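Chemist: I have a structure here, written as structure tokens, and I will follow up with some questions on it.
Laboratory data are not the source of any read-out in this text; all were calculated from the coordinates shown. Computed from a prediction, not measured in an experiment: that's the story for all the values here. Methodologically, a virtual Cβ is constructed for each residue, glycine included, from the backbone with ideal geometry; neighbour enumeration extends over all protein chains shown.
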Amino acid sequence: ASHQDMGLLYELNRRAMKEHIIDTFGSWDESEQRQSFEDSTDISAHELLFDGEIPFGFINIFEYEHELHINRLCIVPEFQSRGIGTALLTELIVSNPPKRPIRLQVFHRNPAANLYRRLGFKKTKVTPTHIHMVYKSIVER
């Protein structure tokens, strides 16, 4: 994504995550959420996801020498449960040639946690707000 995409990234994030933020923290303050998102977002590290001309989400992955970290995988509700997350994560798992562990975290009551478990991600840590998970290839397990 590029600098002019910040508003779009935020809007996609708001549509996908607002319910989970309210469920986890009890409220949503629009200006606070926007500021927090903009402060924590390296736009160039985000890849927008499109269905034709329609943006429906984004993914942000940090690649390190010994692991990958999915910082954000965001798909708006009307595009969820269509196999998109499964396809993206399966492609990431298959195209990870050094077979580095793939880490992520998810809000406790976010249904995406079920997708991650189904694909083989294992719980490594639980905080009051998140489940931390890792996928390790069979070679590394």
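Chemist: For the chain, with only Lys/Arg (+1) and Asp/Glu (-1) charged at the beta-carbon, what is the dipole magnitude about the Cα centre, in debye rounded to 20?
Modeler: That gives a dipole near 1000 debye.
Chemist: Students often forget the sequence filter, so: which lysines lie under 18 Å Cα-Cα from residue 125 once same-chain residues fewer than 8 apart are removed?
Modeler: 136
Chemist: Further question on the same structure: Using only the alpha-carbon atoms, how far is helix 30-39 inclined from the longest principal axis of the chain? Give it as 0 to 90 degrees, nearest 10.
Modeler: 50
Chemist: For the range 46-128, what are Rg and Dmax over the alpha carbons, in angstrom?
Modeler: Taking only Cα atoms of the range 46-128, I get Rg and Dmax of 13.0, 39 Å.
Chemist: Using modelled backbone amide H atoms (1.01 Å from N, in-plane), which distant-in-sequence or interchain residues come within less than 5 Å of residue 71's amide H?
Modeler: Answer set, sorted by chain and number: 60, 61, 62.
Chemist: Which whole-Hz ³J(HN,Hα) couplings does the range 9-19 yield from phi under the Karplus relation 6.51 cos²θ - 1.76 cosθ + 1.60, θ = phi - 60°, glycine and proline marked x?
Modeler: Once θ is set to phi - 60°, the couplings for the range 9-19 become 4, 4, 4, 4, 4, 4, 5, 7, 10, 3, 4 Hz.
Chemist: With a cut-off of 8 Å between alpha carbons and a minimum separation of six or more residues, what is the relative contact order of the range 10-141 in percent?
Modeler: Relative contact order, the range 10-141: 20 percent.
Chemist: Any idea what diffusion coefficient the range 81-141 gets from Stokes-Einstein, in µm²/s, Kirkwood Rh on alpha carbon pairs, 4 °C, 1.567 mPa s?
Modeler: My calculation gives 107 µm²/s for D.
Chemist: Moving on to the next point. Would you mind computing Rg(Cα) / (2.2 N^0.38 Å) for the range 1-104, counting N as its residues?
Modeler: Relative to the rule-of-thumb radius for its length, the range 1-104 sits at 1.12.
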